[in-house]
Amino acid sequence: MQREEQYNNDTEESFEKYYYYVNTVKGVNKIRSFYFWYEPDFQSIQIHNVNFHRGNKIIRINSKLHVEKEIYEKQIAGDFYANDGRIKIYFEGVKQGDIIEFSYTEKGSQPDLKGSLHYQIFPFKHNLRGTNYIRILNTKPIKTHAINWDPKIIRAKSKGLFSAEFKIETDQKIKYPTVPDWYSAKKKVYFFDKVSWSEYVNLNIENYELAKAPSIAVQEKVKIITKGIESKEEKINAILNYIQEDIHYLDYDLIEPKKSDVVLKQGVGDCKSKSLLTIKMLECLGVTSWPLIVKSDGLDERILNVYSGQIFDHAVVEYELNGKSYIFDATQSPQKGNLKDKTVSDFRYGLRIKEGVNELTKLDWKSNSTVDITTVIYENEDDLQEDQYRINSQVVLQGELANDYNWVYNTYGIEKLFDEISEDVLKNPYRRRENYEKEYFIEDDKPFSVFKFRSKNPTEKFESIHYNSEALSYAPPFLKQWSEIKQLYDEDLGEFFDLPYLEKTNYLLKTKELPWMEFTPDTVKLENDWIKYNKTSWKENDSIYAKYSIGFFKKDLDSSRYKEVVKSMDSIHKNISLILTKEKTKREDYSYEKIYRKQLYTMFTMLFVFLIVLSLLIFFIIKRRKKRKKYLEKLKNEISNLKKQLREKCTLDSEKSE
């Protein structure tokens, strides 16, 4: 309903006040408690008024307010690492129709920011309606930068403090368009007081203590890691492998990294701390390197002049070797191979933490991931009854994609690996694990792995393609991933949209030519600035082959090109399927003819058995009837004899009595 937010950078105090209108039973259940996180090492929390506005009454519950304070301390081998704190407020007794009012002050700020202003506002959650009031105070003039809206910011100066305040109102649920991860569709306002990137660079140089020489402990560790290695490149690779494999990731909240000796001793660190240890180790080899501050999803061009660390969320290392610069991400899962195989995400822009830097650097990026898929389709006679077939597939992964799936396999096992490759690479999340035999092979010293799986039972179906429902075809798995982009509508599109996939994909299909197939070889090519697609299909001996090659040159495009992309995809959709018969009934006739013969044979067999059983039954009935008749005649004769004997006896007795 309403939120008030004030931040005084001079006193390091943040005041927040909330009004929530609980107008449904669902709202009552959701608002029974409210919690927020803080940093207990340098922050403290003071809760102010907590009131229920019920009709014309104000119910003050401070005296019986239920509050829980939780401190989560992280330790490594008994040594302190970091703290996290959480405050949870329980709104016991709240009823439908109440307005909840509560406020608190958070005092203290990150010491490593050295008093500089770093603040950003996300005015509303997408499902809340109401008014948001924001006021910022600072000892220096306040710089602001807004994206996706233009707020009316009122600026003033009083008692030596500069202020900036504004409000935002919304009366309906907010719907955000679909955009790439690096591009924000939400309303944001950034507050900062620096006038150039050089000020933030100098702040980080001080925090990283880059001028300090590597410690004795770091130097000795480098000697151990590189012992017996001759070339400089291999020594660097050994150090980078050690950082990724033996120094584990653990979150740490300050922008000032942990000292290298501490990270070395504890064996854990966050991105900044692992990066600093890497820099100090490379320094022992005479390799020049520096921290590179980035945003993990990629940095938006609209905020390149927001001179504040709040636009970043990650730190990596950039180093020089033989006149070339390389970027290394210390937090990546272990990356096999040489230095060129240690790729990073597409950060788009980065800030180099080195003397004299006063602007962001546009970073080059290229994926080294490739996927090679080979699928063999085969049928048994029984499979034809359900219009199904079996598959024998091999997926070859190279580059960073291999490293990622190797980590999944080593961490969770082959069943989880099967699920992820089915969903992410083959775009078929409905495959059931138990229906396939699976194998996975990992190359020891390079980013290369092979995943094989084979149907135990007929599990796949031929499809009727969209432009001709009577045609039966086989559609390659990546066809399904492209349908995702066509689900976007004009109102869902943001300023940019993602393309379906990034990795290069090569696909080879083989299927035995069966009598019902009416296959015609074809070749299709398409190339523009965002995709290169080739398809070739042919017959060889008694088999049909199709070879596909797809490469994406870009990750995303601006929305003005959406219709062009959809048109290209429609063209590819029409030609990508391997058409096995032009008329669906051809295959059905072939299938049903076999099925009919089997059914007819089964029917005659059952009829023959029935007749034999019936004949035997009639035979036994007739035989039993004859036997019964014979028995009845014998019984009748015996009765007649008894009657005769009885009459004779009666006659004899009568004569005696006379």
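The values are calculated or read from the model by the stated rules, or taken from the named source; none is laboratory data. Here the structure is a predicted model, which means the values were calculated and not measured. Cβ coordinates were reconstructed from backbone atoms using ideal geometry, including for glycine residues, and neighbour counts include every protein chain displayed. Calculation scope for accessible area: heavy atoms of the full protein, side chains included, ligands and nucleic acids excluded. Shrake-Rupley method; radii C 1.70, N 1.55, O 1.52, S 1.80 Å.
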Practice prompt. Those residues that are at pLDDT 85 or above, open to solvent by 40 Å² or more (accessible area, probe 1.4 Å) and not in a loop (DSSP other than H, G, I, E, B), I need them from the range 364-380; list them, please.
Written response: 372, 374, 376
Worksheet entry | Long-range neighbours under 8 Å by Cβ, at least six apart or interchain, first residue under 14 Å from residue 334 (Cβ atoms) within the range 434-448, second aromatic (Phe, Trp, Tyr) and open to solvent by 70 Å² or more (accessible area, probe 1.4 Å) | 442/409
Worksheet item: Which residue pairs have Cβ atoms under 7 Å apart, sit 6 or more places apart or on different chains, and have a first residue in the range 598-615 that is part of a helix (DSSP H, G or I) and of a type in the set (Val, Ile, Thr) and a second that is open to solvent by 90 Å² or more (accessible area, probe 1.4 Å) and at pLDDT below 80?
Response: none
Worksheet item: Is there a residue being part of a strand (DSSP E or B) and buried (at least 18 other Cβ atoms within 10 Å of the Cβ) anywhere in the range 200-212?
Response: no
Worksheet entry | All positions within the range 194-222 that are in contact (Cβ under 8 Å) with a residue 24 or more places away in the chain and among the basic types (Lys, Arg) | 194, 221
Worksheet entry | When residues of the range 472-526 are limited to those that are at pLDDT below 80 and basic (Lys, Arg), the one nearest to residue 425 (Cα to Cα) | 480
Discussion item. Quick check on this structure: which one of 191, 166 is in a strand (DSSP E or B) and within 30 Å of residue 205 (Cβ to Cβ)?
Written reply: 191
Worksheet entry | Residue ranges of strands (runs of 3 or more DSSP E) in the range 109-157 with at least 1 members of a type outside the set (Ser, Thr, Tyr), modelled with pLDDT under 90 and in contact with a strand residue (DSSP E or B) (Cβ under 9 Å, 6 or more places away or on another chain) | 118-121, 130-138
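Per-residue answers, yes or no, for (1) in contact (Cβ under 8 Å) with a residue 12 or more places away in the chain; (2) surrounded by 13 or more Cβ atoms within 10 Å (Cβ to Cβ); (3) assigned to a strand (DSSP E or B):
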residue: 17; (1), (2), (3): yes, yes, yes
residue: 20; (1), (2), (3): yes, yes, yes
residue: 28; (1), (2), (3): yes, yes, no
residue: 41; (1), (2), (3): yes, yes, no
residue: 47; (1), (2), (3): yes, yes, yes
residue: 50; (1), (2), (3): yes, yes, yes
residue: 53; (1), (2), (3): yes, yes, yes
residue: 58; (1), (2), (3): no, no, yes
residue: 75; (1), (2), (3): no, no, yes
Worksheet entry | Filtered residues of the range 337-350 (kept if open to solvent by less than 60 Å² (accessible area, probe 1.4 Å) and either assigned to a loop (DSSP other than H, G, I, E, B) or touching a helix residue (DSSP H, G or I) at 6+ places or on another chain (Cβ under 6 Å) (or both)) | 337, 339, 342, 343, 344, 345, 346, 347, 348
Discussion item. For the range 290-323, give me the residue count where each residue is part of a loop (DSSP other than H, G, I, E, B), over 28 Å from the mean Cα position of the chain (by Cα) and within 30 Å of residue 214 (Cβ to Cβ).
Written reply: 2
